[in-house]
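Some notes on the structure that comes next.
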Amino acid sequence: MPRLLHYSDVENVYDDPVRVGRLAGTIRELGGPDALVCGTGDNTAPGVLALIECGRQALDLFEAVDADVATFGNHDFDFGPEATRSLVADAPQSWVATNVYGPDGDRFAADETVPWTVESVDGVRIGFIGVTDPATPSLNPMAADLRVSDPYDAAERAVSELRAAGADRIVALSHLGEGDDELARRVDVDLILGGHVHAARNDRVAGTRLLRPGANGHAIFEVRLDATGVTGVTRHRTACAPVADGVVSALRGRIDAEGLDEVVGRVSEPIDRSDTAVFAGETRIGNFVADAYRWSVDADVGLQNSGGIRDGPPLAGDVTVSDLVSVIPFEERVVEATVTGAELRAVLRESAATVVDFGGPDWWHGHVSGVRLRWDADAARLAVARVDGDPIDPDATYTLATSAYLLHTGHEFPTLREQHRTGEGDLQFEVLAEYARAVGIDATVEGRIRRGGGADRNS
């Protein structure tokens, strides 16, 4: 009976060689001639080692588990399409890109990828398609020259071709996130192996099984198939799995060669940087990053998007350059933007989940410096917003320090645009290291962001 071993969004797992060793160990332990190893995007970046290796550190994992099929996530283009093309050419698996096109209009890396593929296991012909979020060019500045077409139309065409090719079962490798529901409703596939959204999922939509294993290599799905469809699903945690020593040694060798162990500060109480914390409102890590941005370009306000702070172990004790790179592992610069007071209020409102097209309904998407605000959740409005203690003047101008990414994308803080750029600083993680050396790291939660219902008479 064929089995599929599904991982996704491992992202910064490579910065923890033992954890990636346990991920590889889990897959190896479950593997065999009846198993196909499937990845559904964001398995090459981001992360510290990914930034240094341009994603090629992922080859250590792919080769260790003898990966079979994969599709692309938005972060798989973090170092530009040519770096991705090179990695794909050297990877062992078949890369299935059903709706990704290069700047020339041809399917991306047409010599190294396929629009669909068929794998035969235990007499069952399993067809695979691979669909990527069409927002990828706006989510990732390094993918701006790509065209990602409508995934549902592309999937329908590929499924028709797979059936003509004699596929018994059809599996969608998807990096659509919440778009998987629409995929299930519109396209006749037997199974959707999903990613993009980091929360685990095991569900049925329109009769189609939909799975997401969760992010950062903590779990994988094992799916059993036969000629009639899905017969069983098991989610395996990796924490207690045997360690694949070879991949651990390879990754440690890469890390040791980079010399990122300079201590730039010390933390007396550990600083939480989990997704649970950073999307809940004000946090110490968010305050530290926003403060560093504002300090670096001497702006009135600092702003960091919650999604840019990557999940990982708390900052604790001696903090190294590598630790700070892992917080925001992107080769993007801090920029200065000049906005009106009215625009600044709009930007602060856009921290609320109601105006962001991803994440949970209660997520908070912005961390600030130089600002104190109150969000009235009942009325879905910005009740109070002050800069340096004074109410924001809608007709005044303010300088805002943030990441270059937020001037590029329209998915977060859409008020900010490239035309607001008035200056540029160092790379984000360099700014964090400079600030840590000069000022320190022990940020506190001090009431910059308050969320609740009703009026605030005392602000």
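No value in this document is a laboratory result; all are computed from the given coordinates. For clarity, every value in this text was computed on a predicted model and none was experimentally measured. Ideal geometry is used to build each Cβ from the backbone, glycine not excepted, and the neighbour counts take in all protein chains shown.
Given Cβ point charges of +1 (Lys, Arg) and -1 (Asp, Glu) and nothing else, what value in debye, to the nearest 20, does the dipole of the chain about its Cα centre take? Walk me through the numbers on the way to the answer.
Values: 42 positive and 75 negative charges, 251 e Å.
That gives a dipole near 1200 debye.
Among DSSP bridges having both ends in the chain, what percentage is antiparallel? Round to the nearest 5. Write out the running numbers ahead of the final one.
Details: 55 of 85 bridges.
Approximately 65 percent, going by the DSSP bridge assignments.
Between Ser138, Ser94, Ile220, whose Cα lies farthest towards the positive end of the dipole of segment 3-252 when Lys and Arg beta carbons carry +1 and Asp and Glu beta carbons carry -1, centred on the Cα centre?
Ile220
Could you give the size of the charge dipole of segment 259-452 about its Cα centre, using +1 on the Cβ of each K and R and -1 on the Cβ of each D and E, expressed in debye and rounded to the nearest 20? Don't skip to the end; give the middle numbers.
Numbers: 18 positive and 33 negative charges, 107 e Å.
Magnitude of the dipole: close to 520 debye.
Enumerate the calculated ³J(HN,Hα) couplings along segment 8-24 in order (Karplus 6.51 cos²θ - 1.76 cosθ + 1.60, θ = phi - 60°), each rounded to whole Hz, writing x wherever the residue is Gly or Pro.
Rounded to whole hertz, the list is 6, 6, 6, 6, 8, 4, 5, 6, 10, x, 5, 5, 5, x, 6, 4, 5.
By how many degrees, between 0 and 90 and to the nearest 10, does the Cα long axis of helix 245-256 differ from the longest principal axis of the chain?
For helix 245-256, the angle is close to 30 degrees.
Relative contact order of the chain: what whole-number percent is it, with Cα pairs under 8 angstrom and at least 6 residues apart? Don't skip to the end; give the middle numbers.
Values: 1130 pairs, mean separation 69.9, N = 459.
Dividing the mean separation by the residue count of the chain yields 15 percent.
Taking the Cα centre of segment 3-252 as the origin, how large is its charge dipole in debye, to the nearest 20, when only Lys and Arg (+1) and Asp and Glu (-1) carry charge on their Cβ atoms? Don't skip to the end; give the middle numbers.
Values: 22 positive and 39 negative charges, 146 e Å.
The dipole of segment 3-252 has a size of about 700 debye.
Relative contact order for segment 78-234 using alpha-carbon pairs under 8 Å, separation at least 6, rounded to a whole percent?
Working: 309 pairs, mean separation 26.1, N = 157.
Rounded, it is 17 percent for segment 78-234.
Does segment 259-452 come out rounded, prolate or oblate by the C-alpha gyration tensor, with a ≥ b ≥ c the root eigenvalues, rounded set by a/c under 1.5 and, if not, prolate when a/b is larger than b/c and oblate if not? Write out the running numbers ahead of the final one.
On the way: a/c = 1.67, a/b = 1.37, b/c = 1.21.
Prolate, since a/c reaches 1.5 and a/b exceeds b/c.
Can you sort Thr113, Thr84 so the residue with the fewest Cβ neighbours within 10 Å comes first?
Values: Thr113 23, Thr84 27.
Least crowded to most crowded, the residues run Thr113, Thr84.
Once Lys and Arg get +1 and Asp and Glu get -1 on their Cβ, which of Val263, Ala184, Gly73 lies farthest toward the positive end of the dipole of the chain?
It is Ala184, whose Cα lies furthest towards the positive end.
Starting from the Cα gyration tensor of segment 1-45, take the square roots of the eigenvalues, sort them a ≥ b ≥ c, and report rounded, prolate or oblate (rounded when a/c is under 1.5, otherwise prolate if a/b is larger than b/c, else oblate).
Oblate shape, in that a/c is at least 1.5 and b/c is the bigger or equal ratio.
Among the DSSP beta bridges whose two residues both lie in segment 259-452, what percent are antiparallel, rounded to the nearest 5? If you can, show how the numbers build up before the last one.
Details: 29 of 35 bridges.
So the antiparallel bridges in segment 259-452 amount to around 85 percent.
Would you mind telling me the antiparallel percentage of the DSSP bridges in segment 3-252, rounded to 5?
Details: 26 of 50 bridges.
About 50 percent, rounded to the nearest 5.
How big is Rg to Rh over segment 199-329, alpha-carbon atoms, Rh as the Kirkwood inverse-mean-distance radius?
On the way: Rg = 20.0 Å, Rh = 18.3 Å.
My calculation puts Rg/Rh at 1.09.
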